[in-house]
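Only one structure is covered here, and it is reproduced in the block below.
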């Protein structure tokens, strides 16, 4: 509650900036004008000893008036420069929003972003503004990356994973290797699976997940239980053993959403998640679709062979 009250307060240093009083500026104008007029009067008095000469008064009034006019001209020039700069900003913003209105992005969401950031600038304290700018910079970087076809971030980005799952409409094909195996016992995994279950039930999304291990010894009861729990959610989950594969397809940890966007987890030297890559490049997507197709075919072959093995043993 203390944080909220500090954001909403107006006079504790964190509130909206108050307009500067105009009195000091007017005061200094009067001082400068009076000084210029007095100096002119004093100078004409020294040059002309005739105290009754009206030109002393005329000179002081003219020079004082000129000093006042010059101050107003300078002030007008500064104000005009600010207005011109503001006009250019409004023109640029208008052009930007016209592009947004014609794009696939929802202009109302962009408007909410701009208005929200404006309120933070008006009412937020220093740390709130710094945090908002950092988040805005992160969002801008991601948008720029997606605009060029790829975006990345260090470590695992669970929010990307869940948000994209909320957007998927048709298919989700995923591999799971030792790189992300510990992810399935974490809190974000529950949210991720809940989002997938909702996608299956509400939008009819087809989800296939392939757990890939190196040897048969890695097919543990815990891994089988994990597959069973995902099948109960409507996910077609299977296990593939690399040592039993007839071919040698490439293996990586990735997800392909609707055949249009690839989410890939890159490992470090110790095979831990190091970075997350989003790619919408057609060649990259096609390469991972081919990779998944080959791996899925191997998993089906191994499953069929495993189902036939007991019958062959019984007959012999």
To the nearest 0.05, what FRET efficiency results for residue 136 and residue 158 with a Förster distance of 25 Å applied to their C-beta separation?
0.75
Of all DSSP beta bridges located in segment 154-315, what percent are antiparallel, nearest 5?
55 percent
To the nearest 0.05, what FRET efficiency results for residue 270 and residue 308 with a Förster distance of 35 Å applied to their C-beta separation?
0.35
The alpha-carbon center of segment 277-310 and that of segment 137-155 are separated, in whole Å, by 28 Å
By its C-alpha gyration tensor, with a ≥ b ≥ c as the square roots of the eigenvalues, how is segment 219-316 shaped: rounded for a/c under 1.5, else prolate for a/b larger than b/c, else oblate?
prolate
Report Rg/Rh for segment 154-315, rounded to two decimals, where Rg is the Cα radius of gyration and Rh the Kirkwood radius.
0.96
How would segment 194-263 be classified by its alpha-carbon gyration tensor: rounded, prolate or oblate, with rounded meaning a/c under 1.5 and the a/b versus b/c comparison settling the rest?
oblate
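None of the figures in this text is laboratory data; all of them are computed from the coordinates on show. Bear in mind the structure is a predicted one, so any value in this text is a computation, not a measurement. Note: ideal-geometry Cβ built from the backbone for every residue, glycine included; neighbour counts use all protein chains shown.
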